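The values are calculated or read from the model by the stated rules, or taken from the named source; none is laboratory data. Note that this is a predicted model, so its numbers are computed, not measured. Reconstructed Cβ throughout: ideal geometry from the backbone, glycine too, with neighbour counts over all protein chains shown. Each accessible area value is taken on the protein alone, full model and side chains, heavy atoms only, with ligands, DNA and RNA left out. Shrake-Rupley method; radii C 1.70, N 1.55, O 1.52, S 1.80 Å.
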Amino acid sequence: MPRVSVVICCANAADTLPAACASAAWADELLIVDSGSTDATPEIARAHADRYLVEPWRGYSAQKAFAAEQAANDWVFVLDADEEISPDLATAIQQLDDAALAKLDVAYMRRRHYLMGLPVRAWSPDYQSRFIHRQRVRWSDDALHENRLPSDKSRTLRLPGCILHKRTSDAGFSDYFSGRRMDERLLMVAEQMYDRGKRARWIDLALRPWFAFVKSYVFKLGCLDGAFGYMVAQKSAWSTQLKYAALWAV
């Protein structure tokens, strides 16, 4: 079994942080980096973590890269404060032997999303690059959804088990339709798309939202979740519309 540090970056995560910490109890180190909480997060973090640091927000990727560098071990699991490591995923990591680890830079695992207490079928399997050797990966510069890239594509592995996202969150309907937060996040993505040479055409504005809806509701089987699946597909279409409208407006 490798010696593993679980690192959690957080801010105002008092409702989900206890479950995240409990799911990492198997690790050799739990490091929590707080970017400035004003709720009970600091007290919860100090009660569970081996180390607790306060660091001003650097951005999604940079903050997590900073946390990984502060870890005591080279093998790092990057966990969000509203996530949990499932027991079978924890077991799979602990069963990795030296031979497997020598060939590995990044291990991928599925992430299972929850929304208003319900599992979201249409957002699966959503593979994440969370178990890494910090000396052998390159961090992407994506504005929102950070990624960790191996030195070679052959040095990867898919692990059984999953990350549980927002399973214990108190967030409800108002969070689902948080227009201000969505605007901020999508504008950030649109600006990066523009900087990378992407432009919004009329056909993007006209067709991409519809394709996002059909993908979520039909191809990803959201239709099996009834009204909830329909609402998730609507949200996907709405997010896509706003993203390309923001790109057009940049």
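Cross-link partners for residue 198 among the aspartates and glutamates, with Cα-Cα distance under 15 Å and sequence neighbours closer than 8 places in the same chain left out: 142.
The mean sequence distance of close C-alpha pairs (under 8 Å, at least 6 residues apart), as a share of the length of segment 69-133, puts its relative contact order at 41 percent. Accessible area per residue was computed with a 1.4 Å probe on protein heavy atoms; residue 69 scores about 110 Å².
For the chain, the alpha carbon convex hull comes to 134 Å³ per residue, rounded to a whole number.
Near residue 27, within a Cβ-to-Cβ distance under 10 Å, what is the net charge of the other residues, with Lys and Arg +1 and Asp and Glu -1?
Details: positive: 3; negative: 28, 29, 50.
Net of charged neighbours comes to -2.
When the alpha carbon coordinates of segment 70-125 are projected onto the principal axes, the ranges are 40, 24, 18 Å, largest first. With protein chains left intact and a 1.4 Å probe, residues in the chain average 50 Å² of accessible area per residue. Where only DSSP H runs of four or more residues are counted, the chain gives -11500 deg cm²/dmol as its mean residue ellipticity at 222 nm, each run worth -39500 (n - 2.57).
Roughly how many debye, to the nearest 20, is the charge dipole of segment 11-81 about its Cα centre, given +1 on each Lys and Arg Cβ, -1 on each Asp and Glu Cβ, and no other charges? Present the calculation step by step, with values, prior to reporting the outcome.
Values: 4 positive and 11 negative charges, 22 e Å.
Dipole magnitude for segment 11-81 comes out near 100 debye.
The 3J(HN,Hα) values that the Karplus relation (6.51, -1.76, 1.60; θ = phi - 60°) gives for segment 21-36 are, in residue order, 5, 4, 6, 9, 4, 6, 6, 6, 8, 10, 10, 10, 10, 9, 9, x Hz. Gly and Pro appear as x.
For a quick check, take a GNM of the chain with Cα springs below 10 Å and name the residue from 127, 52, 194 with the largest mean-square fluctuation. Ranking 127, 52, 194 by mean-square fluctuation puts 194 first.
Taking Rh as the Kirkwood radius, which is the inverse of the mean 1/r over Cα pairs, what is the Rg/Rh value for segment 61-156?
Values: Rg = 13.9 Å, Rh = 14.5 Å.
The Rg/Rh ratio comes out at 0.96.
Rounded to the nearest 20, the size of the Cβ-charge dipole of segment 133-250 about its Cα centre is 480 debye, with Lys and Arg at +1 and Asp and Glu at -1.
Of the cross-linked pairs 153/215; 103/166; 64/166, which ones have a Cα-Cα span greater than 24 Å in the structure shown? Don't jump to the answer; show the numbers that get you there.
Working: 153/215 28 Å; 103/166 32 Å; 64/166 19 Å.
Violating the 24 Å limit, Cα to Cα: 153/215; 103/166.
Between residue 250 and any residue 5 or more places off or on another chain, the built amide H atoms are never under 5 Å apart. In whole percent, how big is the carbon plus sulfur part of the accessible area of the chain, probe 1.4 Å, protein atoms only? On the chain, the fraction of accessible area on carbon and sulfur atoms equals 54 percent.
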